[in-house]
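Visitor: Sharing a structure with you now.
None of the figures in this text is laboratory data; all of them are computed from the coordinates on show. Treat the numbers as computed from the prediction; the structure is a model and nothing was measured. Ideal geometry is used to build each Cβ from the backbone, glycine not excepted, and the neighbour counts take in all protein chains shown.
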Amino acid sequence: MRIKLAVIILFMVFIAVPVFAQNQNGVGSTRNANATSTAGAEGKEKNATSTEKSKAIREDAINKKENAGQLKNKAANEHRSAVANFVQSLLDVADRQALGGIGEQVREIAKQQNDSEEKVTSDLEKVKNKNQIRKFLFGTDFGATKEIKKEMQDATKRLNELKKIKGEVVNLEDKAILEEQIKNFQEEINNVLTEVKNEEGKFSLFGWAKKLFI
């Protein structure tokens, strides 16, 4: 009787072990599938967020370019258009890059330059549209020219950063786009600084005195 009982117990254990192992494997597979699904969902969410960021910046740049004709000054108009082209080209590159890394860096530079444009355009308008009599007496708006030069220094730093990023880009098309945009925007920086230099160099009766307090 005892032998029969032992045989039955052993038989039940023999059957139960594989079933238990199979259940455990099923649980593990489910966990792995859930983890993979979660990672995939997070990746899609990040991708959607990056796309939304690009879309918002792009729309803002396009709107500014479309309204550039409302500016009273040619230099301000041209700067706004140049920045809009620069920003959109950078966003095209950023959206083609993998999540994080180069794509995010390029997108951030585009955003910073897009934000800077408003300050520069506004100050260019102040400088170029100042009353001619006031210019003759007191010179240009030296406070505005100072801010423009500061923004151009920041823009130059961004271009230097972009040059470093360009070296890490594998896609030859994107690398060529960045190289072209760096060259074009460097020319725009030089153009803006030339406008500022010309304004500051114009003769005025008391401009020299005003400079002392800027």
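Visitor: Going through the stretch 123-214, which trypsin sites (Lys or Arg not before Pro) have at most 13 other Cβ atoms within 10 Å and a DSSP loop state? Write out the running numbers ahead of the final one.
Guide: Details: sites: K126, K128, K130, R134, K135, K146, K149, K150, K157, R158, K163, K164, K166, K175, K183, K197, K202, K210, K211; in loops: K130, K202.
Hits after loop and neighbour filter: K202.
Visitor: Using 0.36 nm per residue, how much length does the chain from F136 to T156 gain when fully extended, once their Cα-Cα distance is taken away? List each step's numbers first, then the result.
Guide: On the way: separation 20, 0.36 × 20 = 7.20 nm, distance 3.18 nm.
So the extension gain works out to 4.0 nm.
Visitor: Same structure, new question: Rounding to the nearest 20 debye, state how big the charge dipole of the stretch 57-211 is about its Cα centre with +1 on each Lys and Arg Cβ and -1 on each Asp and Glu Cβ. Provide the component values of the computation, followed by the final result.
Guide: Numbers: 29 positive and 28 negative charges, 187 e Å.
Once rounded to the nearest 20, the dipole reads 900 debye.
Visitor: Which peptide among 137-143, 85-91 comes first, and what is the full order, when sorted by highest mean count of other Cβ atoms within 10 Å? Don't jump to the answer; show the numbers that get you there.
Guide: On the way: 137-143: 19.0, 85-91: 22.6.
Put in order of decreasing packing, that is 85-91, 137-143.
Visitor: Further question on the same structure: Say each of E59 and E187 gets a label point 7 Å from the Cα, pointing the same way as Cα to Cβ; how far apart are those two points in nm?
Guide: Those two pseudo-labels are separated by 3.2 nm.
Visitor: Additional query: Along Cα→Cβ, 7 Å out, is where each label goes; now give me the distance between the ones at V170 and T194 in nm to one decimal.
Guide: With each label point 7 Å from Cα toward Cβ, the separation is 4.1 nm.
Visitor: Oh, and also: Give me the net charge of G207's neighbourhood, meaning all other residues with Cβ under 13 Å from the Cβ of G207; Lys, Arg count +1, Asp, Glu -1. Before the final figure, lay out each step's value.
Guide: On the way: positive: K130, R134, K135, K202, K210, K211; negative: D141, E199, E200.
Net charge in that neighbourhood comes out at +3.
Visitor: Past 30 Å, Cα to Cα: identify those pairs from K72/K166; K130/K166; K53/K183; K72/K202, in the order given.
Guide: Details: K72/K166 36 Å; K130/K166 40 Å; K53/K183 25 Å; K72/K202 20 Å.
From K72/K166; K130/K166; K53/K183; K72/K202, over 30 Å: K72/K166; K130/K166.
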